[in-house]
Amino acid sequence: MINNIIFDFGDIFINLDKEAVFKELAKYGFTSLTPELDSLAKEYEQGLLSSKDFIANLITIFPEANESKIIEAWNSILLDFPLYRLDFLEKIAQEKNYRLFLLSNTNALHISHVIKTMGETNYNRFKHCFEKFYLSHEIQLRKPNATIYEFVLEQNNLKAEETFFIDDTKENTDAAEKLGITCWNLHVGSDDIINLKTKLP
């Protein structure tokens, strides 16, 4: 029996354009995702770098860009948060049939941008739907590493077999499934979180 639901954030609630960052950085010389860039992004997402240091590193790689251009490019991945999804989530929370958690790979710049574009009222409405709100840069863990799922389970005394996890990245759901968590790898464009009840076992 499922008693707990863990949600991802990006492309589950907020729409993303995952190619936008690369398109924007191409203006300043980006051609491909190098191991250096990939490592830098993951370190920042895990809270191992401050925003200031992350931006400084990117300016070193893309000297034609300045701080504001880097931030603009970095945040270009973030699109809209459809209110019908927020309404749906609030309804699930109000029913109190499940313990709800958020588990997102994200970073300080993105969250600041989300709060600004959503508005604090709607962001707080969203956040208050969850018992716990886990952001990778705050807990210094990131998906798909097993430690992040184990952390959430242990912190909240959850049983893996009673837990349902939704994420748009198969690598993340595959990792959770290895721990005995039931998963829904949501396919962006053909699935929507409002269909959650049809996916629950």
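Please go through region 28-63 and pick out each residue that is at pLDDT 95 or above, outside any helix (DSSP H, G or I) and surrounded by fewer than 17 Cβ atoms within 10 Å (Cβ to Cβ).
Matches in region 28-63: L48, S50, P63.
Please list, ordered by first then second residue, the pairs with beta carbon atoms under 8 Å, 6 or more apart or interchain, first in region 127-149 and farther than 16 Å from L179 by Cβ, second open to solvent by 70 Å² or more (accessible area, probe 1.4 Å).
Pairs that qualify, where the first residue is farther than 16 Å from L179 by Cβ and the partner is open to solvent by 70 Å² or more (accessible area, probe 1.4 Å), are E131/R99; K132/Q155; F133/K127; Q140/L48.
Working carefully through the options E150, E161, find the one that is surrounded by fewer than 18 Cβ atoms within 10 Å (Cβ to Cβ), within 29 Å of F54 (Cα to Cα) and not basic (K, R).
Residue meeting the stated conditions: E150.
For region 110-151, enumerate the residues that are over 22 Å from L86 (Cβ atoms) and among the hydrophobic types (A, V, I, L, M, F, W, C).
Residues satisfying the conditions are I139, L141, A146, I148, F151.
Among the numbered criteria (1) over 19 Å from R99 (Cα atoms); (2) in a loop (DSSP other than H, G, I, E, B), which one does A175 miss?
(2)
What pairs come out if I take residues in region 29-54 that are at positive phi and pair them with residues that are assigned to a loop (DSSP other than H, G, I, E, B) and open to solvent by 40 Å² or more (accessible area, probe 1.4 Å) whose C-beta lies under 9 Å away, six or more apart or interchain?
Close Cβ pairs (under 9 Å, with a partner that is assigned to a loop (DSSP other than H, G, I, E, B) and open to solvent by 40 Å² or more (accessible area, probe 1.4 Å)) amount to G29/P63; G29/E64; G47/Q140.
Would you please name the residue that is most open to solvent (accessible area, probe 1.4 Å), looking only at residues in region 1-27 that are over 23 Å from H113 (Cα atoms) and not β-branched (V, I, T)?
M1
Scan region 1-27 for residues that are in a helix (DSSP H, G or I) and β-branched (V, I, T) and jot them down.
The first filter runs over region 1-27 and keeps only residues in a helix (DSSP H, G or I), leaving 20-27.
If the condition is that a residue be in a helix (DSSP H, G or I) and β-branched (V, I, T), then V21 is the only one that fits.
Could you tell me whether region 175-198 includes any residue that is farther than 13 Å from F9 by Cβ, touching a residue at least 40 places away in the same chain (Cβ under 8 Å), open to solvent by 20 Å² or more (accessible area, probe 1.4 Å) and of a type in the set (K, R)?
No: zero hits.
Would you check which residues across region 72-105 are open to solvent by 20 Å² or more (accessible area, probe 1.4 Å), of a type in the set (A, V, I, L, M) and out of contact with any helix residue (DSSP H, G or I) (no Cβ under 6 Å at 6 or more places or on another chain) and list them?
The answer is L79, L83, A93.
Among all residue pairs at least 6 apart or on different chains, which show Cβ distances below 9 Å where the first residue, located in region 1-25, is more than 30 Å from N97 (Cα to Cα) and the second is of a type in the set (D, E, K, R) and in a loop (DSSP other than H, G, I, E, B)?
Listed pairs, sorted by first residue: K18/D11; K23/D17.
Among the residues of region 91-130, write down those that are in a loop (DSSP other than H, G, I, E, B) and within 14 Å of the chain's Cα centre (by Cα). Talk me through it step by step, then tell me what you get.
Within region 91-130, the subset in a loop (DSSP other than H, G, I, E, B) is 96-98, 105-107, 119, 128-130.
N105, T106, N107, listed by residue number.
The values are calculated or read from the model by the stated rules, or taken from the named source; none is laboratory data. Since the model is a prediction, treat every value here as computed from it, not as a measurement. Ideal geometry is used to build each Cβ from the backbone, glycine not excepted, and the neighbour counts take in all protein chains shown. All accessible areas refer to the heavy atoms of the entire protein, side chains included, with ligands and DNA or RNA removed. Shrake-Rupley method; radii C 1.70, N 1.55, O 1.52, S 1.80 Å.
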